[in-house]
1. For residues in segment 191-239 being open to solvent by less than 50 Å² (accessible area, probe 1.4 Å), among the polar types (S, T, N, Q) and in a strand (DSSP E or B), which is nearest to His318 (Cα to Cα)?
2. Scan segment 11-41 for residues that are among the aliphatic types (A, V, I, L, M) and over 24 Å from the mean Cα position of the chain (by Cα) and jot them down.
3. Any idea how many residues of segment 234-270 are in contact with a strand residue (DSSP E or B) (Cβ under 8 Å, 6 or more places away or on another chain) and at pLDDT below 85?
4. So is Ser195 at negative phi, of a type outside the set (D, E, K, R) and at pLDDT 95 or above or not?
5. Please note which helices (runs of 4 or more DSSP H) are completely contained in segment 1-93 and include at least 3 residues that are in contact with a helix residue (DSSP H, G or I) (Cβ under 8 Å, 6 or more places away or on another chain), open to solvent by 10 Å² or more (accessible area, probe 1.4 Å) and farther than 28 Å from Tyr330 by Cβ.
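The values are calculated or read from the model by the stated rules, or taken from the named source; none is laboratory data. This structure is a prediction, so every number in the text was calculated from the model and none was measured. Cβ: placed from backbone, ideal geometry, glycine included. Neighbour counts: every protein chain shown. When the accessible area is computed, the model is the full protein with side chains, heavy atoms only, and any ligands, DNA or RNA have been set aside. Shrake-Rupley method; radii C 1.70, N 1.55, O 1.52, S 1.80 Å.
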Amino acid sequence: QKKKLLEELGENRLPYLTPADADFHQLWKTKYCKLIFRKSDTVPEELHQMVQESFLTLREHNCFFQDLVRIKGKDFLTPVSRILIGNPGCTYRYLNTRLFTVPWPTEGYDIKYCSPQIHDACKALMRLNDYLHVEAVKALEGQNLFTETKEIKATTAIDREQCFAASRMEQGSVSKDQSSVCVPEDDRSLKNRTSYNLTLLNYMDPLQMLYLKQEPYFGMGCMAVSWHHDENLVERSTVAVYNYSCEDSAVQESHEQELKGRDPAVWHVGLKVAWDIETPGLAVPLHQGDIYLMLDDLNMTHQHCVLAGLSPRFSSTHRVADSSRGTLEYILGQCELALQNLQTDSDSMALSLKSLEAAVVKQVEEIHNEVEFEWLRQFWFQGKRYLRCTDWWLKPMAKLEEFWRKLEIMTSLVLSEVRKEQQIEEHRKETISCFLLLLKERQKLRKEWTAR
């Protein structure tokens, strides 16, 4: 899609608007209504102070890391350095890389931090998380995204003109949405889609970067993060972002009238309708302590990028990560499920399999691969760096390794069983057939991980 779009554009660039343009607010109102902005002066000063101190603490303790991600079979280091903080046992997967949360201080969990300062930083980000959850609920209620009557579900188009007066962006007010059909939701769904379980923190000093990609479609300048949809999220969940660009007297926003487009000294978030060349893009300036929310399906229908300014910048990006397959609780449950097929003889203590049914073998070997490649290898590939903050993940990983050793034994037992002549030929073929596919997959992935 990207290649096709760039070919169509050729040497041309698509138009985009900033607050300096007369039609900026009208465009926001009609095409980007589900982006909600909060100026820094709407956020409690005490919260600003705690959060900004936590960013600096984590940087001082060298807790931000570039991730080695995999795109189209090739590994790349991200220009932005990151750390994941959130619910204990939660993970976040993007670009074939799984990140493991540094847990924030959660009641009922024994979490030992490497220093009291790191504990305080994680606690401050948990406070910010709670604040942003409340703000997201208010924003969604303000847009009537969850309070429409059932009749509206059948409507194909709704026009609610009281969307977004130009001044409301400055006041940080909530807009009424007019761009899509509203499906009624209950309070539980509203809570589920705004209850952030983690935050991905980002840090970058653009002046330390030798090379940053140029924005390809609009000519918006240097990008810290390319155009993308955030992945691994609960569907239609809100993403909330707190911005802290370390502005000082050396980096002044330009107010010259002749400046066209966005000010390259100032960080911006860029938005565009996904794979659309008709709608102009949007570049919204980000200043110290500003917050923006991407509501409902905005992350699915639109793409966003981050445009680099000149000063170092932190951000805390709060997400409802899809935890259906991404928590410690989930993977431990999968291991218990697999081991139900392993039995120990009470006299000889010899291990054997309860069933050689193809479906059972397939399920166990799939779990085997998941434990090894989605958890153990992902963790140890980049996981030792988490020890700068806490050793919380070491015990769970040791437990997963114990499970993995038993799964290796179960693979050996399948091999020895299918070699036996007394197996019914039809069953034997079926078992070997599915078993072999998963063994080949394992071999291929082991080679890939070794190379990485």
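1. Ranking the qualifying residues of segment 191-239, first place goes to Thr199.
2. Answer for segment 11-41, where residues must be among the aliphatic types (A, V, I, L, M) and over 24 Å from the mean Cα position of the chain (by Cα): Leu14, Leu17, Ala20, Ala22, Leu27.
3. 2
4. Criteria met by Ser195.
5. Numbers: elements: 2-9, 24-31, 45-60.
Ranges flagged: 45-60.
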